[in-house]
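**Student:** The structure under discussion is supplied below as structure tokens; questions concerning it will follow.
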Amino acid sequence: MAHTQYFIYKTNVRAGVRESSGGWAQRYFVDDEYGYGSLNTCQCEHCQKAFHRYLKVSYGSVDRLNQEWQTSFKSIAEAKLMHFKDENTPPSPKEIPPAVDTLKFKAWQYRDTAVTMKEAVRKEVDPDFDIGASGVYKMERGGFLKSGIDHWYMASMGGFHTVYRDHEEWTSFAGTPNVVAWQSGYGGNYNPSHQAWHPWERLFNGHFGIGHFTSNHYPMAQPDGRLHAGAEAFFKNWDKIRHGPGELLLGKEDRAPVAIHWSGHSHYVCGVERWVRDGKPSSGLLRWMTHSIPWWHKGRRLRNWYISQEQLANGIETYFGEPNLLVMNYSAAVSKEEAETVKKFVSEGGLLLAGIDTATRSEHGFPWKKPLLDEVLGIEHTGGWQPVIETNDETEAEVTYSLPGQIEKHTFKPKFLGPNVKATTATSHGTWKADGNSGKAFFINSFGKGKAVYLNFPIVNVHGAENGRIMEWSYGIAGIDPFASSTGLYASRFVDGNNRYVCMLAPYGKAPSFYEEFSKNVSVTLNEKRHVYDSRVGKYLGFLNKFNCDFTYELVARWYACLPYKVTGLELSESKAVKAGEVVKFAANIQKEGNEIGRHVLRVEVTRPDGELQKILGYNQNVIGGNATIEIPLGLNAPKGNWKVELRDVASGVSASREFDVR
């Protein structure tokens with residue numbers, strides 16, 4: 001954004017917040033479907049000064065800048081943004097670092113502008129003001145040269161984002177409650193069976209909300225305000241989730257302790273290098289590579305998380321905790337700070353699974369004389385960094401390997417190979433060959449208390465079964481064992497203390513006869529016996545380590561509480577008569593047999609003397625240690641007569657009720 005445009009924008013936002021409804025915390029989307037829009041960055045004096053700030057933060061000193069740019073500046077202020085002729089005229093190999101910095105600066109400037117605006121509004125107007133991004137494209141959308149997009153920079157600017165895709169990256173960076181998806185309304189998607197299914201799909205994926213887009217072309221309601229059948233089914237099921245299951249499950253998704261390195265640095269470095277090599281932009285490679293592992297994970301409902309370049313530079317702990325396994329799949333551009341974190345992680349007992357070319361260049365694209373993680377990986381890049389071998393349909397290439405502890409050999413055609421890697425302290429495994437060249441396929445090294453694995457090829461989904469074999473093997477080393485597995489259908493898992501929950505979602509819109517046959521082949525196996533409840537219908541199934549799942553046209557979403565104790569009842573104390581305007585209080589106690597009770601959620605509903613639900617008084621009550629106080633604040637106009645409060649344990653279905661008089 002040009003200097004003058006920025007001040008106009010900031011002024012307008014500040015005025016908009018000031019004029020909005022007083023007392024309410026304001027949120028603004030900084031953009032919708034953002035894209036920088038042009039190949040070249042604004043070259044005005046203000047943007048040049050901002051670029052100098054970026055360089056100072058990124059390099060720290062003019063000496064390092066000169067080393068990587070191969071210049072002889074006396075100060076950082078002498079550096080200038082590059083000006084590119086056109087997309088078909090790439091920079092020279094020597095110009096890769098300044099080209100990378102110019103393109104990355106677009107994304108850095110976006111965040112810097114947004115955060116500056118946010119802080120100004122918080123100081124002058126509303127201290128609770130927040131910002132976010134809307135409808136964010138893939139990083140390569142419209143060509144990475146023009147986009148100015150970096151998901152980490154965008155996610156870290158604020159706490160309010162609504163995105164199209166890459167949801168796992170965004171929740172890893174901004175936190176699960178701060179990210180929702182635009183996933184309802186487009187294309188007139190109002191099939192009733194789909195819309196009844198959709199809210200449960202959001203819940204089982206751990207999403208706290210959903211962004212809805214509608215227009216005159218596909219409205220939710222008829223002209224008189226009556227909802228269409230699809231929209232009605234959506235809100236009916238969304239309301240069921242709000243009445244307990246969401247409170248119980250959200251924020252408790254079972255994340256496998258696997259962090260995937262998400263490197264905006266590598267995205268830009270790889271993109272510029274391929275631009276230099278091919279003479280035209282090409283940038284989808286990195287997204288493909290970072291998604292290859294989650295795509296395989298999704299098949300097993302093992303939910304990993306991502307760790308960005310800045311997060312890794314500041315330590316291994318993220319929003320979802322610390323991993324046992326760190327995956328760096330073609331993380332070519334790595335800073336010294338990131339490398340130090342990785343060394344510490346492995347030396348303290350972690351497992352590193354690194355793909356080809358890891359940490360061979362700086363975050364600006366300058367080749368490290370000695371790649372930063374070679375010591376950890378127990379390898380040496382002989383002769384310094386060399387470009388990888390990229391295969392195509394005409395290339396005769398294959399990797400042959402067997403994993404340690406396994407006899408069976410596997411062969412596949414790799415996308416990339418490293419031509420100059422040999423073991424130092426690592427043990428070598430497997431072989432590769434391509435067009436007369438050959439080498440070792442992968443290396444395993446002990447480093448401190450941990451292990452590091454270097455694959456001389458990337459883990460990409462084109463390898464198919466190789467993803468599964470390698471990841472399953474690495475899970476065994478890292479001690480990753482999910483508490484439940486399923487057959488016939490993927491299972492979503494949630495963990496809350498010692499309580500476990502398994503969620504199953506069948507296809508929607510099938511004939512009733514389909515579900516009867518489909519259910520015969522769907523089951524869940526736990527790694528230990530537990531008291532299992534069919535929570536959707538409130539039924540106790542028994543003390544089990546395996547159970548079947550029954551689906552119908554109306555019940556395509558089923559979820560099961562797997563508890564280390566049995567819920568035997570729910571007690572609710574009596575209450576004396578009260579007057580309108582007073583607060584009615586009850587003591588609730590969840591009774592159980594077995595181990596210490598975990599967190600539960602009670603759904604509270606209140607019925608007036610005329611038999612109608614007083615919906616405004618209904619709420620979800622968290623229960624810690626089995627006991628809770630139920631409070632019902634009556635209105636000053638509450639009608640006299642006999643009222644009733646009903647409680648239902650969301651996990652087990654056990655219920656209780658009491659009547660009370662309002663005089």
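The values are calculated or read from the model by the stated rules, or taken from the named source; none is laboratory data. None of these values were measured; they are calculated from a predicted model. Note that each Cβ is placed from the backbone with ideal geometry, even for glycine, and that neighbours are counted across all protein chains shown. Only protein heavy atoms, including side chains, enter the accessible area calculation; ligands, DNA and RNA are left aside. Shrake-Rupley method; radii C 1.70, N 1.55, O 1.52, S 1.80 Å.
**Student:** Output the residue which, of all residues in region 226-249 that are touching a residue at least 60 places away in the same chain (Cβ under 8 Å) and assigned to a loop (DSSP other than H, G, I, E, B), is farthest from the chain's Cα centre (by Cα).
**Tutor:** HIS243
Residue-wise test of (1) in contact with a strand residue (DSSP E or B) (Cβ under 6 Å, 6 or more places away or on another chain); (2) on the phi > 0 side of the Ramachandran plot; (3) modelled with pLDDT of 90 or more; (4) among the hydrophobic types (A, V, I, L, M, F, W, C).
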site	(1), (2), (3), (4)
ASP150	no, no, no, no
TYR164	yes, no, no, no
TYR186	no, no, no, no
PRO192	no, no, no, no
TRP200	yes, no, yes, yes
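**Student:** Moving to a separate point now. Looking at this structure, is GLY279 surrounded by fewer than 24 Cβ atoms within 10 Å (Cβ to Cβ), among the small types (Gly, Ala, Ser) and either at pLDDT 85 or above or out of contact with any Asp or Glu (no Cβ under 8 Å at 6 or more places or on another chain) (or both)?
**Tutor:** yes
**Student:** Which of the strands (runs of 3 or more DSSP E) contained wholly in region 400-464 include at least 3 residues that are modelled with pLDDT under 90, of a type outside the set (A, V, I, L, M) and touching a strand residue (DSSP E or B) at 6+ places or on another chain (Cβ under 9 Å)?
**Tutor:** So the answer is 410-412.
**Student:** Being under 12 Å from GLY378 (Cα atoms) and touching an Asp or Glu at 6+ places or on another chain (Cβ under 7 Å) is the filter here, so list the residues in region 397-447 that pass it.
**Tutor:** LYS422, THR424
**Student:** Let me ask something additional. Looking for something open to solvent by 10 Å² or more (accessible area, probe 1.4 Å), touching a strand residue (DSSP E or B) at 6+ places or on another chain (Cβ under 7 Å), without any contact (Cβ under 8 Å) to a residue 40 or more places away in the chain and of a type in the set (S, T, N, Q) - is there at least one such residue anywhere in region 487-494?
**Tutor:** Yes, region 487-494 contains a residue that is open to solvent by 10 Å² or more (accessible area, probe 1.4 Å), touching a strand residue (DSSP E or B) at 6+ places or on another chain (Cβ under 7 Å), without any contact (Cβ under 8 Å) to a residue 40 or more places away in the chain and of a type in the set (S, T, N, Q).
**Student:** Further question on the same structure: Checking the condition farther than 24 Å from ARG202 by Cα, among the basic types (Lys, Arg) and open to solvent by 60 Å² or more (accessible area, probe 1.4 Å), which residue from LYS539, LYS566, LYS510 passes?
**Tutor:** Step by step, each of LYS539, LYS566, LYS510 is checked, and only LYS566 is farther than 24 Å from ARG202 by Cα, among the basic types (Lys, Arg) and open to solvent by 60 Å² or more (accessible area, probe 1.4 Å).
**Student:** Please go through region 488-511 and give me each residue that is part of a strand (DSSP E or B) and of a type in the set (Gly, Ala, Ser), ordered by number.
**Tutor:** ALA491, SER492
**Student:** Let me ask something additional. Mind listing just one residue for me: the one in region 376-395 that is at pLDDT below 85 and among the charged types (D, E, K, R) and, of those, farthest from the chain's Cα centre (by Cα)?
**Tutor:** GLU394
**Student:** Search region 495-507 for residues being out of contact with any Leu (no Cβ under 7 Å at 6 or more places or on another chain) and closer than 21 Å to PRO257 by Cα, and hand back the single one that is most open to solvent (accessible area, probe 1.4 Å).
**Tutor:** ASN498
**Student:** While we're on this one: Look through region 66-90, keep the residues that are in contact with a Gly (Cβ under 9 Å, 6 or more places away or on another chain) and assigned to a loop (DSSP other than H, G, I, E, B), and return whichever of them is least open to solvent (accessible area, probe 1.4 Å).
**Tutor:** PRO90
**Student:** Moving to a separate point now. Is it the case, given these coordinates, that ILE630 is open to solvent by less than 30 Å² (accessible area, probe 1.4 Å), within 43 Å of the chain's Cα centre (by Cα), in contact (Cβ under 8 Å) with a residue 24 or more places away in the chain and within 30 Å of GLY542 (Cα to Cα)?
**Tutor:** Here the answer is yes, as ILE630 does meet what is asked.
**Student:** If we keep just the residues of region 314-347 that are closer than 18 Å to ILE470 by Cβ and out of contact with any Phe, Trp or Tyr (no Cβ under 7 Å at 6 or more places or on another chain), which is most open to solvent (accessible area, probe 1.4 Å)?
**Tutor:** ASN324
**Student:** Between LYS106, LYS118, which is in contact with a Ser or Thr (Cβ under 9 Å, 6 or more places away or on another chain), surrounded by 18 or more Cβ atoms within 10 Å (Cβ to Cβ) and not β-branched (Val, Ile, Thr)?
**Tutor:** Details: LYS118 fails: in contact with a Ser or Thr (Cβ under 9 Å, 6 or more places away or on another chain).
Step by step, each of LYS106, LYS118 is checked, and only LYS106 is in contact with a Ser or Thr (Cβ under 9 Å, 6 or more places away or on another chain), surrounded by 18 or more Cβ atoms within 10 Å (Cβ to Cβ) and not β-branched (Val, Ile, Thr).
**Student:** What pairs can you find where one residue is in region 411-432 and closer than 12 Å to ASN456 by Cβ, the other is surrounded by fewer than 20 Cβ atoms within 10 Å (Cβ to Cβ) and charged (D, E, K, R), and their Cβ atoms are less than 6 Å apart, with a gap of 6+ or different chains?
**Tutor:** Cβ pairs passing all conditions: PHE416/GLU390; LYS422/GLU380.
**Student:** Determine whether region 29-45 contains at least one residue that is modelled with pLDDT of 90 or more and in a helix (DSSP H, G or I).
**Tutor:** Yes, the conditions are met somewhere in region 29-45.
**Student:** Scan region 204-222 and report the pairs whose first residue is at pLDDT 70 or above and in a strand (DSSP E or B) and whose second residue is open to solvent by less than 70 Å² (accessible area, probe 1.4 Å) and charged (D, E, K, R), with Cβ atoms within less than 7 Å and a gap of 6+ or a chain change.
**Tutor:** Once the first residue is at pLDDT 70 or above and in a strand (DSSP E or B) and sits in region 204-222, its partners that are open to solvent by less than 70 Å² (accessible area, probe 1.4 Å) and charged (D, E, K, R) give ILE210/ARG202.
**Student:** Given the conditions (1) at pLDDT 90 or above; (2) within 30 Å of ARG274 (Cα to Cα); (3) surrounded by fewer than 17 Cβ atoms within 10 Å (Cβ to Cβ), report the number of the one that ARG242 does not fulfil.
**Tutor:** (2)
**Student:** Test THR89 against the stated conditions and say whether it is modelled with pLDDT under 95 and β-branched (Val, Ile, Thr).
**Tutor:** Criteria met by THR89.
**Student:** GLN311 fails exactly one of the following numbered conditions: (1) crowded, with 21+ Cβ neighbours inside 10 Å; (2) modelled with pLDDT of 90 or more; (3) in a strand (DSSP E or B). What is the number of that condition?
**Tutor:** (3)
**Student:** If you scan region 583-595, which residues turn out to be open to solvent by 40 Å² or more (accessible area, probe 1.4 Å) and either aromatic (Phe, Trp, Tyr) or at pLDDT below 95 (or both)?
**Tutor:** Our first condition is that a residue be open to solvent by 40 Å² or more (accessible area, probe 1.4 Å); within region 583-595, this holds for 583, 585, 587, 589, 591-595.
Passing the criteria: GLY594, ASN595.
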